[in-house]
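Comments concern the structure below.
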Amino acid sequence: MTLAIAIFGLVVLVLVLWAFLAAPAGTSLPEAVGKNLQSISSKAVNLWLAIIVLFFFAAALSFAAHSAYFILSGEKTEGRVVDLVKSGDSSALHPVFTYLDQSRIERTVTSKYPNSGCEIGDAVPVRYLPASPEKARIDNFTNHWASSLIFLIGGALMLGFLIGYSWIRERKISHFKGMGFIGAAMLILLASVFLASYAFAEESPDSPLEKAETLIDLGKYEEAEAMIRAELKKREQESGKDHVDTAEAYESLGLLHAEKGNYAQAEELYFKALGVQESKLGRKHKDVGETLSFLGYIHMRQGRYEEAEKELGYALEIQKSALVADDAKVGVTYGRMGALNMARGNYEGAEASLTKAQEIIENDEPVDEKELAGVYASMGILRQYQGRFEESLALHHKALDIVKRVISDDNPNVTACIGNIGLVYRLMGNFTKAEVYLQQGLQRLKTSGAGESRNYAVALINLGDLYREQAKFPEAASQFKEALQILEESVGKEHPDTALGHCNLGNVFLAIKDYPQAEKRYLTALQILSKHFGPNYPDVGIIANNLGGLYFSIGRYSDAASFLEKAMEVSEANLGPDHPNVGLAQVRQNNFPKGKNSQKKALLWRNLLKIRSWDSM
């Protein structure tokens with residue numbers, strides 16, 4: 001725009017000087033300008049204005065043609081902002097970015113235009129000319145089209161002034177219709193150049209990490225891992241282990257491990273990424289906030305609630321200062337905070353956090369529907385816990401529709417949504433519909449080739465729980481045994497998910513009074529979880545509760561008292577002393593029989609005992 005104003009000012013200056021020089025000697029500048037401008041014919045003025053209009057349109061077309069050539073001939077890659085600098089006397093900051101060209105040579109370029117949204121450390125799309133790799137641009141609308149738009153707008157304004165001048169001088173515009181047609185033709189031509197350049201530009205392929213995350217979404221973990229590890233090795237060799245690009249690869253591999261339930265490996269990788277980001281970008285950078293948010297999620301899944309709460313709180317603090325308060329990433333962190341509150345039994349806090357998350361993500365432009373589906377699913381689970389089953393079903397269906405439409409019908413989350421719907425119907429007592437949905441989820445996994453996967457095992461467990469609740473114990477045991485076999489083969493015998501299979505088999509054996517087998521399964525699950533997560537993990541308390549009930553049933557009251565006390569300690573540590581579950585444990589202790597023959601009291605206590613399945617894992 002500065003150039004356009006300068007050109008317009010130059011034209012006006014030329015007109016003023018011409019009027020002064022053409023005036024008689026001794027005439028002042030204002031008089032000379034006034035007399036000569038009055039004597040200038042309308043045709044001369046029109047000619048000058050027409051030249052200016054054509055100049056602006058020609059410049060706009062020239063810049064547009066160059067941008068079209070740049071887009072069609074250029075290669076697209078990814079760069080990273082390394083600095084923000086001022087250009088000339090302007091206070092605006094221009095991003096300085098680096099990228100690797102086809103020869104794997106690192107190039108450093110300063111952007112022609114300021115980008116207010118860029119921060120040091122941000123990844124940016126870059127387009128460059130292979131023949132002149134030093135000629136590179138951040139691949140966005142401003143850098144490609146700002147110059148042509150400046151001259152186009154200037155030409156349009158001058159064309160409007162030309163037509164307006166004619167109307168004032170001659171009260172007719174008939175002989176300017178041609179100019180109007182020329183202006184319209186230029187607008188159409190420029191629009192065509194703009195659209196064609198993007199329509200015919202070669203679509204740049206996704207980066208290897210983006211492709212890998214797509215494979216993770218599809219449940220193709222082995223392919224994703226091979227791709228991520230190859231990219232990680234390349235980045236470590238080219239940029240070093242302490243580069244932010246390498247940290248991005250650490251996070252992708254950590255995401256993969258988290259999806260597979262390998263939380264210890266995921267935690268290690270995210271801490272490595274966090275160390276690099278804090279060192280290179282600073283502790284208040286938005287990428288640090290995003291990494292802390294995911295670490296909070298990992299620790300929540302591990303039952304390390306206090307750590308998760310601190311990390312999510314700090315992540316929110318960073319994100320609110322580094323991003324706008326209603327950025328979708330802030331909403332994601334609120335969603336994780338809601339899930340944490342729900343896991344701790346704080347349903348009021350979960351409601352507040354999830355509502356905030358939903359509000360932020362729904363109002364963000366453009367809406368990140370993938371994250372919105374996750375919030376709907378979490379809110380559906382909350383409504384399920386609150387006994388508001390119809391609302392829960394509606395939310396799970398909304399999540400299912402979004403995942404199918406936005407991601408893929410083959411996405412594992414489609415099966416998860418179907419499973420959630422089946423679980424709600426089970427809680428409603430509609431076992432027929434529950435079985436339909438749970439069987440549908442199993443069939444989808446089998447058809448997609450995931451019949452031996454962890455997700456398939458979890459689906460078998462959900463169906464087994466349905467059968468157990470209907471007292472169909474042989475069918476339940478069959479589902480649980482198959483699930484356990486798959487888990488031992490896919491994730492290992494010492495994996496926390498494998499404890500899931502042992503615990504559910506223990507529930508069936510306890511129900512059919514096969515106490516030795518139930519004890520064996522519970523103790524195995526307890527040993528696995530205690531080893532991985534420590535003695536205060538929430539589900540350690542659940543198994544201790546179940547073991548307490550088992551030992552009470554066979555008269556081993558000392559063991560029963562020990563495990564019930566352990567269950568109460570774990571519940572109090574995770575939920576607080578005022579939570580209803582802790583109160584229930586205290587009621588159980590008050591009704592605990594004092595002698596071996598107190599069968600009446602034992603029956604009363606047994607009725608109070610609530611054997612809980614492993615639905616929350």
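Which whole-Hz couplings ³J(HN,Hα) result when phi for each residue of region 294-300 is put into the Karplus expression 6.51 cos²θ - 1.76 cosθ + 1.60, θ = phi - 60°, listed in order with x for Gly and Pro?
After applying 6.51 cos²θ - 1.76 cosθ + 1.60, I find 6, 4, x, 5, 4, 5, 4 Hz.
Determine the equivalent ellipsoid of region 349-495 by diagonalising the alpha-carbon gyration tensor, then write out the semi-axes as square roots of 5 times the eigenvalues, largest first, rounded to whole Å.
Rounded to whole Å, the semi-axes are 28, 19, 13.
Pull out the extension gain between residue 443 and residue 348, defined as 0.36 nm times the separation in residues minus the alpha carbon to alpha carbon distance; nm, one decimal.
Gain on stretching residue 443 to residue 348: 30.5 nm.
Rounded to the nearest 0.05, what FRET efficiency do residue 141 and residue 523 have when you use their Cβ-Cβ distance and R0 = 60 Å?
0.45
Shape call for region 223-263 from the C-alpha gyration tensor, a ≥ b ≥ c root eigenvalues: rounded (a/c under 1.5), prolate (a/b greater than b/c) or oblate?
oblate
Once you sort the root eigenvalues of the Cα gyration tensor of region 240-341 as a ≥ b ≥ c, which label holds: rounded (a/c under 1.5), prolate (a/b larger than b/c) or oblate (the other case)?
oblate
Subtract the Cα-Cα distance of residue 234 and residue 210 from 0.36 nm times their separation in residues, and report this length gain in nm to one decimal.
Full-extension gain reported as 7.1 nm.
Where does the Debye-calculated log10 I(q)/I(0) of region 213-282 sit at q = 0.14, 0.23, 0.26, 0.28 Å⁻¹, using only Cα point scatterers of equal weight, no solvent?
-0.40, -0.96, -1.12, -1.20
Using only the alpha-carbon atoms of region 315-417, report the extent along each of the three principal axes, biggest first, to the nearest angstrom.
That works out to 36, 32, 20 Å along the principal axes.
In whole Hz, with x marking every Gly and Pro, tabulate ³J(HN,Hα) for region 417-433 from phi via Karplus 6.51 cos²θ - 1.76 cosθ + 1.60, θ = phi - 60°.
Couplings: 5, 4, x, 4, 5, x, 5, 5, 4, 4, 5, 6, x, 8, 5, 5, 5 Hz.
For a protection proxy built on the mean count of beta-carbon atoms within 10 angstrom, sort 336-349, 62-75 highest first, please.
Listed from highest to lowest mean packing, they are 336-349, 62-75.
Spin-label point model (7 Å from Cα, Cβ direction): what's the residue 66 to residue 470 distance in nm?
Computed distance between label sites residue 66 and residue 470 equals 7.3 nm.
Going by Cα centres, region 340-377 and region 542-559 are how many Å apart?
Result: 39 Å between the Cα centres.
Can you tell me the length gained on complete extension of the stretch residue 279 to residue 58, counting 0.36 nm per residue apart and subtracting the Cα distance?
Full extension of this stretch gives 74.6 nm more.
What distance in nm separates the simple spin-label points at residue 409 and residue 530, each placed 7 Å from Cα in the Cβ direction?
A separation of 4.9 nm, rounded to one decimal place.
Can you run phi through the Karplus equation (6.51, -1.76, 1.60; θ = phi - 60°) for region 54-67 and list ³J(HN,Hα) in whole Hz, with x for Gly and Pro?
Those phi angles translate into 5, 4, 4, 5, 5, 5, 4, 5, 5, 5, 5, 5, 5, 5 Hz.
The numbers here are math on the coordinates, done by the rules we state, and not lab data. Quick caveat: nothing in here was measured; it's all calculated off a predicted structure. We place every Cβ from the backbone using ideal geometry, glycine too, and count neighbours over all the protein chains shown.
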